[in-house]
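Input: a single structure, listed below in structure tokens.
The values are calculated or read from the model by the stated rules, or taken from the named source; none is laboratory data. Just so it is clear, the structure is predicted and the values come from calculations on it, not from any experiment. With ideal geometry, Cβ positions are generated from the backbone for all residues, glycine too; neighbour counts draw on all protein chains shown. Please note that ligands, DNA and RNA were not included when accessible areas were found on the heavy atoms of the full protein model with its side chains. Shrake-Rupley method; radii C 1.70, N 1.55, O 1.52, S 1.80 Å.
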Amino acid sequence: MKFTGTDNYVATEDLMVAVNAAIALERPLLIKGEPGTGKTVLAYEVAKALDKNLIEWHIKSTTKAQQGLYEYDAVSRLRDSQLGDEKVHDIRNYISKGKMWEAFTADVAPVLLIDEVDKADIEFPNDLLLELDRMEFFVYETRETIKAKHRPLVIITSNNEKELPDAFLRRCFFHYIKFPDVATMEDIIEVHYPGLQRDLVREALNIFFEVRDVPGMKKKPSTSELLDWLKLLMIEDLPLEILRERDPKKLIPPLHGALLKNEQDVHLFEKLAFMSRREGN
Amino acid sequence: MFNNFFLELRDSKVPVTLKEYLMLLEAMREGLADYRIDDFYYLARAALVKDEKYLDRFDQVFGKCFKGLEYVTDEANAEIPEEWLKILADKLLTDEEKAKIESLGGWEELMETLKKLLEEQQKRHQGGSKWIGTGGTSPFGTGGYNPEGVAIGQKEHRQGKAVKVWEKREYKNLDDSVELGTRNIKIALRRLRRFAREGAEEELDLDDTIRSTAHQGYLDIKMVPERHNKIKVLLFFDVGGSMDGHIKACEELFSATSTEFKHMEYFYFHNCMYEKVWKDNRRRHTQTIPTYEIMHKYPSDYKVIFVGDASMSPYEIVYPGGSVEHWNEEAGDVWMNRMLSVYEHAVWLNPVPEQHWHYSPSTDVLKQLMSERMYPLTLGGIDHAMRELNRR
């Protein structure tokens, strides 16, 4: 059972090694990288390639570790007890399973995605240490232990907003998705828009990497933005000449809305265009 | 089997633990990296390195352990400007030889080879980069430069794919001991933000109170820290003179943080604190604010961050009238001490790399004045500074 990328996901060699190591040793895999380099998509693709179910757990700033295990709805139980509902005698009626419970009790080991783990409270990863390590947890209310039938493949993504605790990191494999180089980028484009004109791709890539190189940008466009932009270019059916045009007066790339997501960056480009126009005269 | 490698990693401050090392060995036993150095490199990296800031150091140690590479120090890694190469080459080659080179593969390739040669020379001599600059005697000798000679004949790069990966040192700018670059600034901001969140007051957590009350059966009040910060910051920027080269990085960093802090005030000064500061650099001579006014206006629970390179003549700190811009009645250190006696929590962030600090005596003086609370403007430095500011 080896992961070698899929039809719509280009995995670099180092990424494949990391994923396969995580599969073989049944350890969690921690993925970091610039936004838009395909961290979350990786989990989808791994699940698809290995033909497994994907259980997604998206983390928010308010997410608690306990919510991934189970939640005990004490408020409803209190209400039911006031109303004399029969349900109240079985505490199990008030326990709802979390994503990890779901993943642990699945018949076939699924892929569990814990997305953007850094969004949560700083203690969040610590609270999951034992659960991820032993793949089991204890339900206090019912006094039962939930143990994973098959250890799921856990993929954790992080945007680096918070530092993760060391004890947590020790238990994971780690991979940093670096920004793809031109060759990998071409592969990625080929996978998403097969048969796109080679010269269009080349011109677009040139512009794209030029844009990324402009110093002082707030948000550099990433892979996902490039793909959106290419799609737009295809829909608009822009002639190649417009892309190829290196007129300093038109420094802002055509349909820049897909690439520049920040008005300061658009201003920056306008300013640059203005300056080069002044020099040109 | 790889104990040596493991120990070397620890020596160069990559935080690897036994648990991770065992994990790597287990993976090896599973046959995840079968006799391919590339795979082994990737596997070791995934198992042992847990933060992108250590990737570069890992690459270096890996290269050292498994390739017998010389340990690359920072000086030896300096870029060799192309002009130097051109000049050298011009000096060394006759027109005839140049023509020969042209026929052999052209200027670009020659440049590549030359560059490599220079790098090799540098390593062997351990002389740092100085001798390239002086360039008096040729390091090559005419014989070496003969088109049939070693340098140009050996065109095929020894970069087999495997070696290249860690030799490229792609993760260099992720190392947290380097100065702030555009990417690093983003991470630094997050550090500051974390600093901003701390020290908040508590407020009633309604949800948790309801939940807990239902659970316990009696009223159980829960509090959570308030989401907003109450940390108050005074920022003092050194502007002008030797700071010009750094000011952009500093501004980028702190202008973006201004939204994070509820109370943040910034002021400018030149080289050292004196009796006045200003808010608008264009009107620095007309619209100034007396330093006393600041000390009276902002209570002592404000935290103070100075940002400056601390490079000046020591007279500017220790003598009255030492300022280069105006006549100051009292010496800079008097004003620094006054500030520090009001504001207990203060740090100095210095954009100059730490290893250069002792070249300017004024840096030492200021560092002493700050009782050693001077930190480089790197991610690690900011981390330390924020920890210092948070100390009660």
Review point. All other residues with a Cβ under 11 Å from the Cβ of residue A:184 taken together, and with Lys, Arg as +1 and Asp, Glu as -1, what is their net charge?
Key: -4
Revision key, fill the gap. For residue A:58, the residues 5 or more places away or on another chain with a placed amide H closer than 5 Å to its own amide H are A:115
**Study point:** Assigned charges on the beta-carbon of Lys, Arg, Asp, Glu; the range B:230-391 dipole about Cα centre (debye)
**Key:** 520 debye
Check your understanding: In Å², rounded to the nearest 100, what is the total accessible surface buried by chains B and A against each other with a 1.4 Å probe?
Key -> 3200 Å²
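Kindly work out what percent of the DSSP beta bridges joining two residues of chain A are antiparallel, to the nearest 5. It would help to have the intermediate numbers written out before the result.
Working: 8 of 26 bridges.
Restricted to chain A, the bridges split so that about 30 percent are antiparallel.
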**Study point:** Within the accessible area of the range A:2-133 (1.4 Å probe), percent carbon and sulfur
**Key:** 47 percent
Check your understanding: Which links in A:48/A:99; A:162/B:64; A:97/B:222 stretch past 22 Å when you go from one Cα to the other?
Key -> A:162/B:64; A:97/B:222
Point to revise | Electrostatic dipole magnitude of chain A [Cβ: Lys, Arg +1; Asp, Glu -1; Cα centre; debye, to 20] | key: 300 debye
Revision key, fill the gap. Taking the range B:350-392, the equivalent ellipsoid from its C-alpha gyration tensor has semi-axes in Å, biggest first, of 19, 13, 5
Study note, to complete from the structure: In short, the range A:164-189 residues buried by 50 Å² or more of accessible area relative to the isolated chain (1.4 Å probe) are A:170, A:173, A:174, A:176, A:178
Exercise for review: Mind jotting down the three principal axis lengths of the range A:38-192 based on Cα atoms? Whole angstrom, largest first.
Suggested key: 68, 33, 27
Exercise for review: Work out the mean other chain Cβ neighbour count within 10 Å for the residues of B:16-24 and drop it here as an integer.
Suggested key: 3
Point to revise | Distance violations [Cα-Cα > 24 Å] among A:178/A:218; A:119/A:271; A:32/A:220; A:64/B:232; B:13/B:232; A:64/B:303 | key: A:119/A:271; A:64/B:232; B:13/B:232; A:64/B:303
Exercise for review: Could you tell me what percent of the accessible area of the range B:230-391 is made up of carbon and sulfur, with a 1.4 Å probe and every protein chain present?
Suggested key: 51 percent
Check your understanding: For residue B:345, which sequence-distant residues (separation of 5 or more, or a different chain) have an amide H within less than 5 Å of its own amide H, given hydrogens modelled in the peptide plane?
Key -> B:304
Exercise for review: Ignore the peptide's own chain and count Cβ atoms of other chains within 10 Å of each Cβ in A:20-27; give me the average, rounded.
Suggested key: 5
Revision key, fill the gap. Probe 1.4 Å, heavy atoms of protein chains only: per residue, the accessible area of chain A in Å² is 50 Å²
**Study point:** Given charges at Cβ of Lys, Arg, Asp, Glu: chain A dipole, positive-most of A:130, A:238, A:43
**Key:** A:130
Exercise for review: Over the range B:230-391, give the accessible area per residue in Å² for a 1.4 Å probe, as an integer.
Suggested key: 45 Å²
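Would you kindly state how much longer the chain becomes between residue A:79 and residue A:6 on full extension, computed as 0.36 nm times their sequence separation minus their alpha carbon distance, in nm to one decimal?
Details: separation 73, 0.36 × 73 = 26.28 nm, distance 5.05 nm.
Computed gain between residue A:79 and residue A:6 is 21.2 nm.
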